[in-house]
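The values are calculated or read from the model by the stated rules, or taken from the named source; none is laboratory data. On a predicted model such as this, the values are computed, not experimentally measured, just so you know. Ideal geometry is used to build each Cβ from the backbone, glycine not excepted, and the neighbour counts take in all protein chains shown.
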Amino acid sequence: MGLSEYKNKRNFKESPEPTGATSKSGDQLIFVIQRHKASRLHYDFRLELEGVLKSWAVPKGPSMNPADKRLAMMVEDHPYDYKNFEGVIPSGYGAGIVEIWDQGTYTDIDNSDFTTAVKNLKAGLKAGNLKVALNGSKLKGEFALVKIKGREEENTWLLIKHNDKHAVSKPYSSEDLTDEDSPINEWLKQQKSGSKKKALL
Ligand code: MN
């Protein structure tokens, strides 16, 4: 826990990422989903809890369809300030492009008062069965993060949408919901066209 792993992995002379103080947003918990084109394109799912962002890398991105069980690898805690980070990481750990795909507030699924919600969320995290209610622009309603037990890989979780009024039954791809001016899409387009023009990286 804490931010030592986050700090150890990064060289802040090279990377524009936040150096990482912990802080608090008051009586509302926030979440952010960052789309990250590193060696592989993936999504980073981050939930504020106790001053840091609990973080999972989701290779296929989140889904609003309860039939999808999306692999979510838990990674090191990120600093609270990371919620605003977008940009190019020129080299080193996570080198590539980061853009915010969705953000908003969240709570436990009982919609408890702040203190109770934090208590429930901490217990869920510890038990490997974390249930959250998201209020973002793209992601809404209840989700579960369930840790897969008995795996050699300790940090393997699944991200699953609960069947509520926000759920969809059609195939869902987070890639269809990227911003028009997405720097990652621009980069992918340049790769595809084989353009000799120097890409962002
Ligand atoms: Mn990432």
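Among the residues of the range 51-68, write down those that are outside any loop (DSSP other than H, G, I, E, B) and among the charged types (D, E, K, R).
LYS54
For the range 24-50, which positions are small (Gly, Ala, Ser) and either at negative phi or part of a strand (DSSP E or B) (or both)?
Answer for the range 24-50, where residues must be small (Gly, Ala, Ser) and either at negative phi or part of a strand (DSSP E or B) (or both): SER25, ALA38, SER39.
Taking TYR82, is it surrounded by 18 or more Cβ atoms within 10 Å (Cβ to Cβ) and either under 27 Å from HIS166 (Cα atoms) or within 12 Å of the ligand (Cβ to nearest atom) (or both)?
yes
Enumerate the pairs (first residue in the range 74-99 and more than 24 Å from GLY51 (Cβ to Cβ); second residue anywhere and part of a strand (DSSP E or B) and among the small types (Gly, Ala, Ser)) with beta-carbon separation below 8 Å, excluding pairs fewer than 6 apart on the same chain, so at least 6 apart or on different chains.
Pairs found: VAL88/GLY96; ILE97/GLY87.
Could you list all residues from the range 86-108 that are among the β-branched types (Val, Ile, Thr) and either more than 30 Å from GLU142 (Cβ to Cβ) or surrounded by 19 or more Cβ atoms within 10 Å (Cβ to Cβ) (or both)?
Across the range 86-108, the qualifying residues are VAL88, ILE89, ILE97, VAL98, THR107.
Just give me the residues in the range 43-68 being of a type in the set (Ser, Thr, Tyr), buried (at least 22 other Cβ atoms within 10 Å of the Cβ) and within 18 Å of LYS7 (Cα to Cα), in sequence order.
Passing the criteria: none in range.
Looking at (1) more than 21 Å from GLU50 (Cα to Cα); (2) modelled with pLDDT under 95, can you tell me which one HIS162 breaks?
Answer for HIS162: the failing condition is (2).
Just wondering, is there one or more residues in the range 2-23 that are in a strand (DSSP E or B), within 13 Å of the ligand (Cβ to nearest atom) and modelled with pLDDT of 90 or more?
No.
Can you tell me which condition ARG40 does not meet? The list is (1) surrounded by 18 or more Cβ atoms within 10 Å (Cβ to Cβ); (2) farther than 28 Å from LYS165 by Cβ; (3) of a type in the set (Lys, Arg), and all the others hold.
Of (1) surrounded by 18 or more Cβ atoms within 10 Å (Cβ to Cβ); (2) farther than 28 Å from LYS165 by Cβ; (3) of a type in the set (Lys, Arg), only one is false for ARG40: (1).
Checking ASN135 against (1) under 16 Å from the mean Cα position of the chain (by Cα); (2) closer than 15 Å to LEU49 by Cα, which test does it fail?
Single failed check for ASN135: (2).
When only residues in the range 54-67 that are within 12 Å of the ligand (Cβ to nearest atom) and hydrophobic (A, V, I, L, M, F, W, C) count, which is nearest to PRO171 (Cα to Cα)?
VAL58
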